[in-house]
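To keep things clear, I will list the structure first and then write my remarks on it.
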Amino acid sequence: MQASLEQPSAEPGARAARKDELLARADSFADLSGYTCRQRLVIRAADLAFFLLIKLIGGTTRFTVEGWEHWAAATLGGQQPIYTFWHDRILLSTYFWQRRGIVVMTSRSFDGEYIARFIQRFGYGASRGSSSRGAVGALVEMVKLMRAGRPAGFTIDGPRGPRHKAKMGAVLLAKKTGAPVLPFTINAAHYYAAPSWDRFQVPLPFTRARVLIAPPIYVPADADEALLNAKRDELQHALDSINT
């Protein structure tokens, strides 16, 4: 009898411990022991370089915002949105939305590790998933993190393109969690476009930038393949309409 009375209290405790472990993993730097000494030095150097670059550029940028009412709708009643944008706008997006606990999917790779570190310095979480399940594992972990109360962020054409073509990740996450997809962009007036697949934008210090937030997109839990494709097309149209 005693054991049966204690069991219900033990289960919530175990769930709370798993939740705490999940959040700590997202918010903590990963162990670098699997990398060579040179790789560890490069990861740490790249992490700090990007962090300082974003601080410098973001801190001197003059932002104006259009569409705050859409953000308010997407966060009404404590909802946690899925912030969705193009890969080439990472730099100012990282600065603008900092310290909100947003979880971003990163890869278990050399590049993914220094990216995870500099975004964590801005108050983001990193969802890496398991080494064996790759992106699928990271998406499963993002579902768990959203259910634990964290918002999510998606570079919807990343990590390798095609440029400005919406993929399905954010739509699937919205179906699994009931969270609204919140498309946005940040258009800098003056920037350098890198010779990369996405023509990555490095805004110039002291530039002006317009933050444009589109209406949230909701995906039903019972959405079939046809509706999922329609929602992805809706997301594509929303990002195209605010991107300049």
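Looking only at residues in the range 142-164 that are at pLDDT below 90 and either small (Gly, Ala, Ser) or in contact with a helix residue (DSSP H, G or I) (Cβ under 8 Å, 6 or more places away or on another chain) (or both), the one that is farthest from ASP233 (Cα to Cα) is PRO159. Scan the range 219-233 residue by residue and report those that are closer than 20 Å to ASP157 by Cα and either at pLDDT below 95 or surrounded by 16 or more Cβ atoms within 10 Å (Cβ to Cβ) (or both). Across the range 219-233, the qualifying residues are VAL219, LEU228, LYS231, ARG232.
In the range 74-90, what residues are part of a helix (DSSP H, G or I) and surrounded by fewer than 17 Cβ atoms within 10 Å (Cβ to Cβ)? Selection gives LEU76, GLY77, GLY78. With respect to the conditions (1) within 30 Å of ALA17 (Cα to Cα); (2) at pLDDT 95 or above; (3) basic (Lys, Arg), ARG108 lacks only one, and its number is (2).
Criterion applied to ARG117, ARG100 was being touching a helix residue (DSSP H, G or I) at 6+ places or on another chain (Cβ under 8 Å) and in contact (Cβ under 8 Å) with a residue 12 or more places away in the chain, and the one residue passing it is ARG117.
When the range 10-61 is limited to residues that are β-branched (Val, Ile, Thr) and touching a Lys or Arg at 6+ places or on another chain (Cβ under 8 Å), the one that is farthest from LEU139 (Cα to Cα) turns out to be THR61. Looking only at residues in the range 192-218 that are in a strand (DSSP E or B) and of a type in the set (Val, Ile, Thr), which one is surrounded by the most Cβ atoms within 10 Å (Cβ to Cβ)? Restricting to residues being in a strand (DSSP E or B) and of a type in the set (Val, Ile, Thr), the top hit is ILE213.
In the range 48-58, the condition of being assigned to a strand (DSSP E or B), in contact with a strand residue (DSSP E or B) (Cβ under 6 Å, 6 or more places away or on another chain) and touching a residue at least 60 places away in the same chain (Cβ under 8 Å) is met by no residue. Taking the range 167-182 as the range and being in a loop (DSSP other than H, G, I, E, B) and under 15 Å from GLY153 (Cβ atoms) as the test, the residues that pass are LYS167, ALA179, PRO180.
The values are calculated or read from the model by the stated rules, or taken from the named source; none is laboratory data. Computed from a prediction, not measured in an experiment: that's the story for all the values here. Reconstructed Cβ throughout: ideal geometry from the backbone, glycine too, with neighbour counts over all protein chains shown.
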